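Let me begin by handing over the structure; questions about it come next.
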Amino acid sequence: MDRTWIADVIAGGQVKVQGFVETVRDGKAMAFMVVRDITGALQITVEKERHPELCDDIGRLTPDSVVTVTGQATANESVRLGGIELIPDSLRIESLAEPLPISRKEIPATKKKSAVERSSIDQRIDARWVDLRTEENQLLFQVQTALVQAMRTALLDRHFIEIHSPKLIGTASESGADVFEVKYFDRKAYLAQSPQFYKQMAMAGGLERVFEVGPVFRAEKSYTSRHTTEFTGFDLEFSFIDSYRDVMRLEEELLRAGLSAVRTAYGDAIRERFGVEVIVPETPFPTIALGDLYQALEEEFGYTVDASEKGDLTTEAERLGFEWSKKHHGHEFLFVTDFSADKRAFYHMRDEQGVPQGYDLIWRGVEITTGAQREHRYEVLKAQAEGKGLADDVRFYLDFFRYGCPPHGGFGLGVDRLTMLLLGLPIKEAMFLFRGPNRLTP
Ligand code: AMO
């Protein structure tokens, strides 16, 4: 018999379901189990007298064991789970679970038992495969899938091509800082910090519009709720733009498409499980120049920073920028432009005043994107690389611009940051498997 997804079980038919045992209550005359698959949960009800052959297995069953159950799906109004129960005629234990190594949820005290605290996130990551089985975590990955898929579709609709650039590279990329070095046979290689150079190579290669969703490595010893040493980047690059503002417009449209798809498919579930409202943002997003933002934050919140820090966004300015954007624009996003050239990558195009033609995007107080128009004129680009002392390291990259290259721009968006902000979680909770300075397992 074919397997039926639990969400598709309707009363009246003979079905086979498979999943994890969520709970098992083995009484004298009756046994009740709840079995969950990725689509939902179903109550299995066993009248022991009628099915003595099932009693041994039910007695052995532990929570989180994996079972295959076949039987009659039957309507029963008193069943909380959708008014349906499965009356089994066979039950097979596929895998018996040992007592779980973690507590995924706080269990309140009862008369007989004292409360059980929820395991810490690090303990839960140690047994992440057990932790992933919660409804919240499964929802998280369904939401992330819908979000990325909607953005991907929006790009495909606009003639974008998906690329898969190498992550093993011969010279330290971008800034030269924060790269992991790896042994590559008898020489050194590095892990890509961004697909930046390769998405630009695609522009020189005439692909015109490309995107990549893939791993990004950062050798940063940061222990915050938003940093990880390996994350998933959603990167794109497109040709024949007039300005970085074209890049901002595209990013707004993508985020709107992504959040709108998430809200339609999962808005209610997210509210229920995470207590967060999915807001589909209005376009255009509010935009402010960095200098004006610092001035506004000083006037509004009395926030001041040393002049030496004013060329870049501080973490606190990101947080307050969100407050400011909410207050003045009723908006959760904020584009910040006009950073100082010494704080931005050498490949950002600069205007006559030397101002980088790019932006950061802040959502709910955290930077989620850097974007820019790139410098595509070989001589100017070379001079900018030399200005940062990088000309030797990036010689192979500079060659991309010697044989014809359209004006272009793009952005890099952190998928893990997007997911964590969407659901109101720290980054460790929002990743399939977190990687940090102290974590390389499981
Ligand atoms: P940037 O370095 O700003 O830009 O990275 C782009 C986005 O990636 C995410 N991000 C991170 N997420 C988790 N942990 C980290 N340690 C981390 N570092 C960055 C953020 C960030 O906004 N090449 C440029 C992009 C471009 O101009 O196209 C770049 O890599 O969401």
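Return the equivalent ellipsoid semi-axes of the range 1-109 as a descending list in whole Å, where each equals the square root of 5 times an eigenvalue of the C-alpha gyration tensor. Intermediate values should be presented prior to the final figure.
Values: eigenvalues 86, 54, 42 Å².
Ellipsoid half-lengths, sorted descending, are 21, 16, 14 Å.
Highest first, please rank the peptides 324-335, 159-170 by the mean number of other Cβ atoms sitting within 10 Å of their residues. Intermediate results must be reported in sequence, preceding the final value.
Numbers: 324-335: 18.4, 159-170: 14.2.
Listed from highest to lowest mean packing, they are 324-335, 159-170.
Evaluate the relative contact order of the range 283-442 (contact order divided by residue number), counting alpha-carbon pairs under 8 angstrom at least 6 apart; express in whole percent.
Reported relative contact order: 17 percent.
So how do Glu272, Glu386 line up by other beta-carbon neighbours within 10 Å, fewest first?
Details: Glu272 11, Glu386 14.
Placing the least packed residue first, the sequence is Glu272, Glu386.
Please name which of Thr369, Phe217, Thr171 has its Cα lying farthest along the dipole of the range 135-429 towards the positive end, using unit charges on Cβ (Lys, Arg +1; Asp, Glu -1) and the Cα centre as origin.
The one lying farthest along the dipole's positive direction is Thr171.
If you don't mind, another one. Considering the Cα trace of the chain, what is its radius of gyration and what is Dmax, both in angstroms?
According to the Cα coordinates of the chain, Rg and Dmax are 26.5, 87 Å.
For a test of the definition: using alpha carbon positions, the gyration tensor, and the 1.5 limit on a/c, classify the range 93-134 as rounded, prolate or oblate.
The shape class here is oblate.
Right, next: Return the FRET efficiency for the residue pair Ser308, Ile161: r is the Cβ-Cβ distance, R0 is 41 Å, and the value is rounded to the nearest 0.05.
0.45
If a/c stays under 1.5 just call it rounded; otherwise compare a/b with b/c (prolate if a/b is bigger, oblate if not). Do that for the range 135-222, with a ≥ b ≥ c from the square roots of the Cα gyration tensor eigenvalues.
oblate
Mind checking which of Thr369, Thr419, Thr45 has the largest fluctuation in a GNM of the chain, springs on alpha carbons under 10 Å?
Result for the chain, Cα springs under 10 Å: Thr45 fluctuates most.
Shifting gears a bit: What order do you get for 97-104, 149-156, 273-280 when each peptide is scored by the mean count of other beta carbon atoms within 10 Å, highest first?
Answer by packing, highest mean first, reads 149-156, 273-280, 97-104.
Using the Kirkwood radius over C-alpha pairs as Rh, can you work out the diffusion coefficient of the range 297-416 via Stokes-Einstein at 25 °C, viscosity 0.890 mPa s, in µm² per second?
155
Further, regarding this structure: Which whole-number percent gives the relative contact order of the chain, counting Cα pairs below 8 Å spaced six or more residues apart?
Relative contact order, the chain: 12 percent.
Okay, moving on. So what's the back-of-envelope 222 nm ellipticity for the chain, counting only DSSP H runs of four-plus at -39500 (n - 2.57) apiece and dividing by all residues, rounded to 500?
Rounded to the nearest 500, the figure is -9000 deg cm²/dmol.
Output the peptides 408-416, 70-78, 105-113 sorted from most to least packed, where packing is the average of other Cβ atoms within 10 Å over each peptide's residues.
The most tightly packed comes first, giving 408-416, 70-78, 105-113.
Taking the Cβ-Cβ separation of Lys28 and Ala269 as r and a Förster radius of 35 Å, what is the calculated FRET efficiency to the nearest 0.05? Before the final figure, lay out each step's value.
Working: r = 37 Å, r/R0 = 1.05.
Computed FRET efficiency for Lys28 and Ala269: 0.40.
Each value in this text was obtained by applying a stated rule to the coordinates, not by laboratory testing. Here the structure is a predicted model, which is why all the values come from computation and not from measurement. Ideal geometry is used to build each Cβ from the backbone, glycine not excepted, and the neighbour counts take in all protein chains shown.
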